[in-house]
Amino acid sequence: MGSELSTVLQLFMRSLETGSVYALAALGIVIVFRTSFVMHFAQGSMGMFSTFAVAYLLARLHIPLVTATLAGVLVAIVMGFLVDLLVVRRMRKASNVAKEIVTLGLIMIFLGLAPILFGSDPLLLPKFLNTGDILIGNAAISYNAILNIVMGLAITAVLFYVLQKTKMGLAVRTTASNEDTARLMGVPTRQVTLVAWALAGVLGLLSGVMIAPATTVTVSLMNPVQVNALFACVLGGFQTFYGPVLGAYIIGIVNNFLIYYVSSTWGGQIMYLLILIFLIIRPNGIVGKKLIKKV
């Protein structure tokens, strides 16, 4: 009984760590969607690119991981600014489908640029805390896993506070509600979208830095994160900022438990099937609401 309980606890903590990675990426996607009205399919590839920059600086300059990560944050911010200024703003009058195709095109750009700038060889990125475990009951949880969980929860909590309690958050929520009305009310919507894309870039970087130690830094690093983050947005609902985060943690927990207790091969596919069934019953997601247009 004690062994089974420790297994469940370890799975749950591991799921929270995985969910934190998905939650940060999903939050970046939904912030861009609510402010720029663009489905951000390139969130994963942008996160991969900035994570590659961190690993490259670490390998070439041998600087501390924290310093390399801060440099990666600057790369992510500049990248978000450039995407908004040079691409998104020029597409304002385009259809939604055209905007989504453009973000798909951004994936190809970053997939091409990464090996050109950083090389095609896989790079290693260490954990922030390489050693040490904490015992919770009979379950051993690494310090780095605890750090990732705390970082994910803390960042989302801070962002929710900013969105609900600050003037910047009010500007974001007003823009998300109706961009034209927000502009008439004096909200600097251009600056809001600029910040949104930069913030999405930083969130993508943090997701990449958190997941990279479990594998190697390659162009495919963020593929599963992008897929599950999009599923999290659909599952939680695009109408709120917290819905996708909730969906991300649910996916992280359900996926790991299905893989361990049901099938290591088909656990992920079973989870996607369950999400599909849920969306058939509730198309707008867990906390999403049906949009009613007055004519």
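A few points about this structure:
- The listed residue being within 22 Å of G28 (Cβ to Cβ), surrounded by fewer than 15 Cβ atoms within 10 Å (Cβ to Cβ) and modelled with pLDDT under 95, out of T265, T240, T215: T215
- Against the numbered list (1) surrounded by 13 or more Cβ atoms within 10 Å (Cβ to Cβ); (2) without any contact (Cβ under 8 Å) to a residue 40 or more places away in the chain, R90 comes up short only at (1).
Let's see how each residue does on (1) closer than 15 Å to T240 by Cβ; (2) not charged (D, E, K, R):
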position: V158; (1), (2): no, yes
position: T166; (1), (2): no, yes
position: V172; (1), (2): yes, yes
position: N178; (1), (2): no, yes
position: A182; (1), (2): no, yes
position: R190; (1), (2): no, no
position: T193; (1), (2): no, yes
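- Of the candidates I116, I31, I77, the single residue that is β-branched (V, I, T), over 19 Å from S207 (Cβ atoms) and modelled with pLDDT of 90 or more is I116.
- If you go through segment 180-191 and keep only what is touching a residue at least 12 places away in the same chain (Cβ under 8 Å) and either buried (at least 18 other Cβ atoms within 10 Å of the Cβ) or touching a strand residue (DSSP E or B) at 6+ places or on another chain (Cβ under 9 Å) (or both), you end up with V187, T189.
- Residue check for L221: part of a loop (DSSP other than H, G, I, E, B), buried (at least 24 other Cβ atoms within 10 Å of the Cβ) and not small (G, A, S): yes
- Selection status of L125, under 30 Å from S6 (Cα atoms), in contact (Cβ under 8 Å) with a residue 24 or more places away in the chain and touching a strand residue (DSSP E or B) at 6+ places or on another chain (Cβ under 6 Å): yes
- Pairs where the first residue, in segment 192-221, is more than 29 Å from M168 (Cβ to Cβ) and the second is surrounded by 24 or more Cβ atoms within 10 Å (Cβ to Cβ), C-beta under 6 Å, 6+ apart: A212/T51; A212/L125; P213/L125; V217/T51; V217/F52; V217/A55; V217/L125; L221/M48
- Criterion applied to M46, M39 was being within 15 Å of the chain's Cα centre (by Cα), hydrophobic (A, V, I, L, M, F, W, C) and buried (at least 24 other Cβ atoms within 10 Å of the Cβ), and the one residue passing it is M46.
- Checking L106 against (1) farther than 25 Å from F37 by Cβ; (2) under 19 Å from the mean Cα position of the chain (by Cα); (3) surrounded by 14 or more Cβ atoms within 10 Å (Cβ to Cβ), the condition it does not meet: (1)
- Number of positions in segment 158-172 that are buried (at least 16 other Cβ atoms within 10 Å of the Cβ) and either closer than 11 Å to I31 by Cβ or within 21 Å of the chain's Cα centre (by Cα) (or both): 4
- Residues (over 17 Å from R89 (Cβ atoms) and in a helix (DSSP H, G or I)) located in segment 173-193: R173, T174, A176, S177, T181, L184
- Set L27, L16, L9, L85: member being touching a residue at least 40 places away in the same chain (Cβ under 8 Å) and in contact with a Pro (Cβ under 9 Å, 6 or more places away or on another chain): L27
- Among the candidates N138, N148, N144, N130, residue that is of a type in the set (S, T, N, Q) and surrounded by fewer than 12 Cβ atoms within 10 Å (Cβ to Cβ): N130
- Some residue of segment 144-167 being of a type in the set (D, E, K, R) and free of Cβ contacts under 8 Å to residues at least 60 places away in the same chain: yes
The values are calculated or read from the model by the stated rules, or taken from the named source; none is laboratory data. Source: prediction; values computed, not measured. Cβ atoms come from the backbone with ideal geometry, glycine included; neighbour counts cover every protein chain shown.
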